[in-house]
1. Per residue Cα convex hull volume for region 3-61, in cubic angstrom?
2. Using Stokes-Einstein with the Kirkwood hydrodynamic radius over Cα pairs, what translational diffusion coefficient do you get for region 67-250 at 25 °C and a viscosity of 0.890 mPa s, in µm²/s rounded to a whole number?
3. For VAL248, list long-range residues whose amide hydrogen, built 1.01 Å from N in the peptide plane, is under 5 Å from its own amide hydrogen.
4. Using modelled backbone amide H atoms (1.01 Å from N, in-plane), which distant-in-sequence or interchain residues come within less than 5 Å of SER19's amide H?
5. For the chain, what is the mean residue ellipticity at 222 nm derived from helices alone (per DSSP H run of n ≥ 4: -39500 (n - 2.57); sum divided by total residues; nearest 500 deg cm²/dmol)?
6. Given H placed 1.01 Å from N in the peptide plane, which residues other than close sequence neighbours of ALA167 have an amide H under 5 Å from its amide H?
7. Any lysines with Cα under 17 Å of the LYS242 Cα? List them, leaving off those in the same chain fewer than 8 positions away.
8. Post the alpha-carbon centroid distance, region 183-210 to region 129-178, in whole angstrom.
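Values quoted throughout were computed directly from the atomic coordinates according to the rules given, and no laboratory measurement underlies them. Everything quoted here is computed from the prediction, not taken from an experiment.
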Amino acid sequence: MFAEQRRSSILELLVRRGSVSVTELHRRLKVSRETIRRDINTLADAHKLQKTHGGALSLDSIEPAIGERMSVNIDGKRAIGRRAASMVADGASLIIDSGTTTLCLAEALTPRHKLLVYTNDIQVAARLAGRHDNRVFILGGEVVGGEGAMVGRDTTTMLENYYADFAFVGASAISSDRGLTDYTREAAELRKLMLTNARTTVLLADHSKFKRVAPVRVSALEHLDHLITDTTLKGGDATYFKKLACEVLVAR
């Protein structure tokens with residue numbers, strides 16, 4: 001197989017799968033791992049894929065920067081934030097995920113008093129700390145460049161020590177066949193722990209997150225109590241959340 005044919009095959013597989021490993025490509029294309037790595041480097045240099053440790057990601061499988069995400073459907077995200085905040089009384093304890101929709105939730109929570117908040121998002125912490133006798137704990141760890149959020153083993157280790165009344169978890173991608181997926185293993189593991197360390201769990205996702213698939217599955221959705229979105233679910237999406245026995249709330 002010629003180089004251009006191999007590289008086309010790699011890109012076609014990424015379109016279908018979102019991610020692929022060097023080992024799998026070596027097995028499928030029947031060339032050496034060194035040849036596969038050279039092909040991946042060539043395609044990465046041409047801005048046709050994202051190189052990873054041990055493989056590659058489709059550019060569609062890379063989460064947009066937070067500034068770009070903040071400009072997408074901001075009215076819908078604010079409506080979701082207000083609906084989520086309406087569930088929270090003064091004095092509640094909360095785990096709040098990072099992201100643009102959870103930041104809208106934090107804005108909507110500013111009138112509340114005496115909240116106990118655990119978050120991995122610097123901006124969420126800044127919105128709620130120092131007001132109305134709130135107590136805010138930042139979950140430590142490595143700061144993701146440009147995101148203002150912490151992920152990694154240190155973050156999950158700290159969260160393991162806490163349990164809250166509510167967990168408000170963001171979504172990177174949702175599909176009826178793959179469920180909730182994320183862009184990194186670290187983010188998926190943290191969201192799984194958030195869903196297991198709260199009495200009431202709430203997924204916040206505007207319509208732009210549906211019918212999308214990211215590379216890493218988020219497990220523990222059997223613990224999910226509510227989905228708050230800005231659109232009425234139909235077809236496979238509605239069936240998926242019904243099977244989870246999850247209440248779907250549409251924010252207006």
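1. Residue-normalised Cα hull volume stands at 66 Å³.
2. On the way: Rh = 16.1 Å.
Answer from the Stokes-Einstein relation: 152 µm²/s.
3. Those lying under 5 Å, H to H, from VAL248 are LEU227.
4. Counting only residues 5 or more places away or on other chains, the set is SER58.
5. Value at 222 nm, helices only, nearest 500: -11000 deg cm²/dmol.
6. Amide H to amide H, under 5 Å and 5 or more residues apart or across chains, ALA167 pairs with ILE95, THR200, THR201, VAL202.
7. Reachable lysines: LYS211, LYS234.
8. Using only Cα atoms to place each centre, the spacing works out to 9 Å.
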